[in-house]
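The values are calculated or read from the model by the stated rules, or taken from the named source; none is laboratory data. Because the structure is a prediction, the values reported are computed rather than measured. As a convention, Cβ positions derive from the backbone with ideal geometry for all residues, glycine included, and neighbour counts pool all protein chains shown. Just the protein is used for accessible areas: all its heavy atoms, side chains included, with ligands, DNA and RNA removed. Shrake-Rupley method; radii C 1.70, N 1.55, O 1.52, S 1.80 Å.
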Amino acid sequence: MKAPKILHPEPAGFAKAADLLGSGQLVAFPTETVYGLGADARNGRAVAAIYEAKGRPSFNPLIVHLPDVAAAQAYVAWSDTADRLAQAFWPGPLTLVLPLLPEHGLSSLVTAGLPTVALRVPAQKSAQALLRAFGGPVAAPSANPSGRISPTTAAHVMAGLGDKVSAILDDGPCLVGLESTIVGLAEAPLLLRAGGLPIEIIEVALGTALAEAETPRDPKRVRAPGQLASHYAPNAPLRMNATAKRIGEVFLGFGAMACDLNLSENADLHEAAARLFESLHQLDAKGLPIAVAPIPDHGLGRAINDRLARAAAPR
Ligand code: TXA
Ligand code: MG
């Protein structure tokens, strides 16, 4: 495929992106978390093209993006808990997994045949404008080759999937910088992925602690193969919780310290999250092993540590 068209966040850009989605093409678009690789979620061929472009195992289901709560409710068995979380956090960096309604009209490739679907209402203005211009459900995983670092700029998308998408809607860097937090609501609320919405805030809204589906940060507690699968990985090996730089490494710091690049000199976890993937992309370009300073394991730090643990996992 020839080089993708770069679209700008203006009415003509949104209209063009919506047209391309409508004709079954892949369009990369920004959200507040990361750039997504979008396709019409009702079009099986278009959804298949997502899996093919990413080189993604087809059993790993995708998130469906919608402009608002009302649009989301059309696909799933809604519940009081869903409503409480949606009212509190949508639009925003939260994905809810809910039981699919019959006659949902989504391609079964989106859900990988599961009886549930992951739904997200992104807050980013361009994502909202695109979803409204398109007027249908958009399936979108992060716009990176499977297992590699997620994209937080259009340039990252271009470098990883530039020859595989029809267009990239460029609206600058993503403000949150980590994928959405995923909460399963098919049964009792379950944390399926730490992400851009801190778990502690979700627990306040729920009024109870959120059970965790997996503990990928601690290899000893992994129960099923694949839970600590290598993911979000740079080309170079990565070492986390590094207190000092070893010879031949590049050092990614956090807080006041000597390092090659700092996630946040002020030890601000929001800033660190927003810079994480861009920093890994930058350091990876140097071709040296990457050491990363300890990151506090609360708030967005939990999601940062989750991503680092997967990047550090054996390949
Ligand atoms: O921030 C984000 O969530 C980004 C942007 C583009 O919205 N998207 C994203 O998608 O990170 P992706 O495909 O990289 O991650 C989707 C995650 C996967 O871990 C998948 O296993 C899980 O959602 N998932 C999707 N449907 C599910 C379901 N029915 N049950 C359980 N997990 C599900
Ligand atoms: Mg991803």
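Values for this structure:
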{"quantity": "Residues Asn266 and Arg84, FRET efficiency given R0 of 22 Å [Cβ-Cβ distance, rounded to 0.05]", "calculated": "0.10"}
{"quantity": "Cβ crowding within 10 Å averaged over residues, with 191-198, 107-114 ranked highest first", "calculated": "191-198, 107-114"}
{"quantity": "The stretch 8-97, accessible surface, carbon-and-sulfur percent (1.4 angstrom probe)", "calculated": "51 percent"}
{"quantity": "Heavy-atom accessible surface of the stretch 238-312: percent carbon and sulfur, 1.4 Å", "calculated": "52 percent"}
{"quantity": "Dipole magnitude (debye, nearest 20) for the chain, charges at Cβ of Lys, Arg, Asp, Glu", "calculated": "920 debye"}
{"quantity": "Residue-by-residue Karplus 3J(HN,Hα) for the stretch 110-120, coefficients 6.51, -1.76, 1.60, Hz, glycine and proline x", "calculated": "4, 9, 6, x, 6, x, 10, 9, 8, 10, 9"}
{"quantity": "Relative contact order of the chain, defined on C-alpha pairs under 8 angstrom at six or more residues apart (%)", "calculated": "20 percent"}
{"quantity": "Accessible surface, per residue, of the chain when the full set of protein chains is kept, probe 1.4 Å, Å²", "calculated": "42 Å²"}
{"quantity": "By average C-beta atoms within 10 angstrom, highest first, the peptides 3-13, 278-288, 141-151", "calculated": "141-151, 278-288, 3-13"}
{"quantity": "Distance between the stretch 115-135 and the stretch 253-289 - C-alpha centres, whole angstrom", "calculated": "30 Å"}
{"quantity": "Long-range amide H partners of Leu119 with built H, under 5 Å", "calculated": "Val64, Leu96, Val97, Leu98"}
{"quantity": "Cα centroid of the stretch 1-78 to Cα centroid of the stretch 151-200, whole Å", "calculated": "12 Å"}
{"quantity": "Distance in nm between pseudo-label sites at Ala209 and Ala12 (7 Å out along the Cβ direction from Cα)", "calculated": "5.7 nm"}
{"quantity": "Table column - 3J(HN,Hα) (Hz), the stretch 292-307, Karplus curve with 6.51, -1.76, 1.60, x for Gly and Pro", "calculated": "10, 5, x, 10, x, 9, 9, x, 5, x, 4, 5, 4, 5, 4, 5"}
{"quantity": "Lys/Arg +1, Asp/Glu -1 at C-beta; the chain dipole; positive extreme among Tyr51, His298, Ala167", "calculated": "Tyr51"}
{"quantity": "From phi via Karplus (6.51, -1.76, 1.60), per-residue ³J(HN,Hα) for the stretch 173-183 in Hz, x at Gly/Pro", "calculated": "x, 6, 6, 8, x, 10, 4, 4, 6, 10, 10"}
{"quantity": "Neighbour cut-off at most 11 other Cβ (10 Å), DSSP loop, GluC sites (Glu not before Pro), the stretch 1-104", "calculated": "Glu103"}
{"quantity": "Of Lys5/Lys286; Lys16/Lys286; Lys5/Lys245, pairs whose Cα-Cα distance is over 32 Å", "calculated": "Lys16/Lys286; Lys5/Lys245"}
